[in-house]
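The values are calculated or read from the model by the stated rules, or taken from the named source; none is laboratory data. Quantities reported herein were computed from a predicted structural model and do not represent experimental measurements. All Cβ positions, even for glycine, are placed from backbone atoms using ideal geometry, and neighbour counts span all protein chains on display.
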Amino acid sequence: MLITNATVITWGRPNQILENHALHIADGKIAKLGPTTDLLQRYEDDERIDAHGEFVMPGNINTHGHFYGAFARGMSIPGEQPFNLPTILQKLWWPFDRALNEEDTRYSALIGLVDAIKHGTTTLFDHQSSPNFIDGSLDVIATEVDRAGVRSVLCFEVTDRGGDKRALAGIEENVRFYNRCARSEVAGGRVMANIGAHACMSITEATFARLREATPADAGFHIHVAEHEYDEYQSLAMTGTRSVDRLYNHGMLNDKTIIAHGVHLDAGEIRLLAETGANVSHQPRSNMNTGTGIPELESYARAGINTCIGTDGLGNAMWKEWEVACLVPKVKHRDARRMPPDRVIESAVYGGASLASRYYPASVGVIEPGAFADVIFVDYHPTTPLSPDNLAGHIIYGFDESMVTTTIVNGEVLMRDRVLLTLDEEEITAKSRELAASFWKRYEELVPPDLVLG
Ligand SMILES: [Zn+2]
């Protein structure tokens, strides 16, 4: 395949913007990048896609999401309203995930996949929770990810919240699915796995030990850490040690491990994450939504931690998340110099690409020969001069996901001129509305009437 007449943003180092360029794609990878006139001569028999001068850039990467939360949109919480993360978990997420069945899980994933393709997000790290549908849940999601065509790293949230049997089933689901992915059996290697765990506050030392014991040595972990102070308080109450120290003691920190949130880390925890190469995924909109606080992402990066950006289930529109990541530290510190657009790009683009590339045998998130052909077309018309030096400002303050016209992953076209080619959005949305209506009733029956203060 040959993409012609593109304004290519490479996200290489240094980043380049190349006008009137072409990409030759073969076997799911970028084989050649050069001026359109040169590549047209060389690959004249290839199938062609004319970008008509649009920006062609690597697809975005969401480093922490939850397909399973899709039915929460527009849902009301009965009774007393939760006001912080512990009470939001009690009244919303814990009864919510217990109500999920296989069909809900399938359609929740499909909703997220449609959203991702339309909004130009081509790699998704997902964290599944469905305590009454554990065994085989990752295969159900993987089947839909395969059909949709995106790149994804999946896992299941292990927790002691549902008792010993469910904790064990969660471990087994992770390990079984991890081994399938390690053999490149799932979507030809486009779907990979890590080992999921809910959070230190809901996992005992015995379960962490069993999880580590069952997990292959080279696997990364994906876990919420210090999203709220309660996570640290519970770790200290249960074990006398802080959350990251517990993960370190169990040998769960490595350069594939994703620490989601990390809002309330102390200096020692930051040092452990930097030393072990673990990654921190930042979800600013979710942190604002639950009132948990905003992590010191700039400090973490200065300490040497690879930082990246996710949505925590609030859709897959990454530029929206990047904009908030840029704005909210300015409010927190009452200092407009905080988190400049270039710093956001360091985490959102380079941090995410670095993490994703640790899970795959070729580079993800960059346009260069040999990298995976995961690219999007963006119909953006700059109204002021644009160069590699000020591109970050154009993206943060000017790009919008509705400008994405074409999405390609692994060399396969998933959306062309805003028409989805792999998924039937109308069928998915109609069926989802139907499933969500009965799901909401089941959820309501499981919600505790009163708050137990956390
Ligand atoms: Zn999360």
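When each of ARG242, ARG246 is tested for being more than 16 Å from the ligand (Cβ to nearest atom) and buried (at least 23 other Cβ atoms within 10 Å of the Cβ), the lone residue that passes is ARG242. The set of residues in segment 19-45 being touching a helix residue (DSSP H, G or I) at 6+ places or on another chain (Cβ under 9 Å) and in contact (Cβ under 8 Å) with a residue 40 or more places away in the chain consists of LEU23, GLY28, LYS32, LEU33.
Of the residues making up segment 327-342, not a single one is within 16 Å of the ligand (Cβ to nearest atom), touching a Gly at 6+ places or on another chain (Cβ under 7 Å) and at pLDDT 95 or above.
Of all the residues in segment 401-449, those that are of a type in the set (A, V, I, L, M), farther than 23 Å from GLU103 by Cα and surrounded by 15 or more Cβ atoms within 10 Å (Cβ to Cβ) number 7. Examine segment 117-133 for a residue that is away from the ligand (no atom under 16 Å from the Cβ), hydroxyl-bearing (Ser, Thr, Tyr) and over 13 Å from the mean Cα position of the chain (by Cα), and state whether such a residue exists. Scanning segment 117-133, I find no residue that is away from the ligand (no atom under 16 Å from the Cβ), hydroxyl-bearing (Ser, Thr, Tyr) and over 13 Å from the mean Cα position of the chain (by Cα), so the answer is no.
Is it the case that some residue within segment 367-387 is under 22 Å from ARG147 (Cβ atoms), in contact (Cβ under 8 Å) with a residue 12 or more places away in the chain and part of a loop (DSSP other than H, G, I, E, B)? So far as segment 367-387 goes, yes, one or more of its residues are under 22 Å from ARG147 (Cβ atoms), in contact (Cβ under 8 Å) with a residue 12 or more places away in the chain and part of a loop (DSSP other than H, G, I, E, B). Annotation: LEU355 fulfils all but one of (1) surrounded by 18 or more Cβ atoms within 10 Å (Cβ to Cβ); (2) more than 16 Å from the ligand (Cβ to nearest atom); (3) part of a helix (DSSP H, G or I); the unmet one is (2).
Might you let me know whether segment 96-106 holds any residue that is under 25 Å from ALA373 (Cα atoms) and touching a residue at least 60 places away in the same chain (Cβ under 8 Å)? Taking every residue of segment 96-106 in turn, none turns out to be under 25 Å from ALA373 (Cα atoms) and touching a residue at least 60 places away in the same chain (Cβ under 8 Å). Scanning segment 294-324 for residues that are within 16 Å of the ligand (Cβ to nearest atom) and within 13 Å of ASN62 (Cβ to Cβ) returns CYS308, ILE309, GLY310, THR311, ASP312, GLY313, LEU314, GLY315, ASN316, MET318, GLU321. If the condition is being within 16 Å of the ligand (Cβ to nearest atom), free of Cβ contacts under 8 Å to residues at least 60 places away in the same chain and of a type in the set (Ser, Thr, Tyr), then segment 216-239 contributes no residue at all. Among the residues of segment 411-433, just one is under 14 Å from ALA116 (Cβ atoms), in a loop (DSSP other than H, G, I, E, B) and not aliphatic (A, V, I, L, M), namely THR422.
Would you pick out the residues in segment 197-215 that are in contact (Cβ under 8 Å) with a residue 40 or more places away in the chain, more than 16 Å from the ligand (Cβ to nearest atom) and either of a type in the set (A, V, I, L, M) or in a strand (DSSP E or B) (or both)? Selection gives ALA209, LEU211, ALA214.
Restricting to segment 262-297, name every residue that is in contact (Cβ under 8 Å) with a residue 40 or more places away in the chain and outside any loop (DSSP other than H, G, I, E, B). GLU269, ASN279, SER281, HIS282, PRO284, ASN287, MET288, THR290, LEU297, listed by residue number.
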